[in-house]
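The values are calculated or read from the model by the stated rules, or taken from the named source; none is laboratory data. This is a predicted model, so every value here is computed, not measured. Positions of Cβ are backbone-derived with ideal geometry, glycine not excepted, and every protein chain shown enters the neighbour counts. We work out accessible area using only protein heavy atoms, side chains counted, and drop any ligands, DNA or RNA first. Shrake-Rupley method; radii C 1.70, N 1.55, O 1.52, S 1.80 Å.
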Amino acid sequence: MFCFEYGKNNVYAQLGFADAEEIPLKANIVKDITDRIKVSGLRLSEAATLIDTPQSDLLLALCGKFQSFRAAELRNWRDRLSLP
């Protein structure tokens, strides 16, 4: 049987990720982006056009592969998808 321990430490730091402090931040921003796309009823192609990025980049971020994107860039995307 497995025993899980929950701690206050950043698991990404414990695993040795160089950008450990930014990963949870980026994940929250991407969650906001996803929520805004869903609420507005946009298709992926429409959202990519609104944020002025290739659809493939947006898809990578939405699938959790956001390590190659800066947090500031993701915030910019989120802000361009402002809620009505």
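Here is how the numbers come out for the structure above:
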item	result
Condition check for Leu42: surrounded by 11 or more Cβ atoms within 10 Å (Cβ to Cβ) and either at pLDDT 95 or above or not in a loop (DSSP other than H, G, I, E, B) (or both)	no
Residue that is surrounded by the most Cβ atoms within 10 Å (Cβ to Cβ), among those in the range 59-77 that are farther than 10 Å from Lys26 by Cβ and touching a residue at least 24 places away in the same chain (Cβ under 8 Å)	Trp77
Test set (1) open to solvent by less than 70 Å² (accessible area, probe 1.4 Å); (2) without any contact (Cβ under 8 Å) to a residue 24 or more places away in the chain; (3) not charged (D, E, K, R) - Ser56 fails condition number	(1)
Single unsatisfied condition, Asn10 versus (1) at pLDDT below 85; (2) open to solvent by 50 Å² or more (accessible area, probe 1.4 Å); (3) farther than 24 Å from Leu58 by Cβ	(2)
Qualifying positions in the range 26-39 - of a type in the set (Lys, Arg), under 8 Å from the mean Cα position of the chain (by Cα) and open to solvent by less than 60 Å² (accessible area, probe 1.4 Å)	Lys26
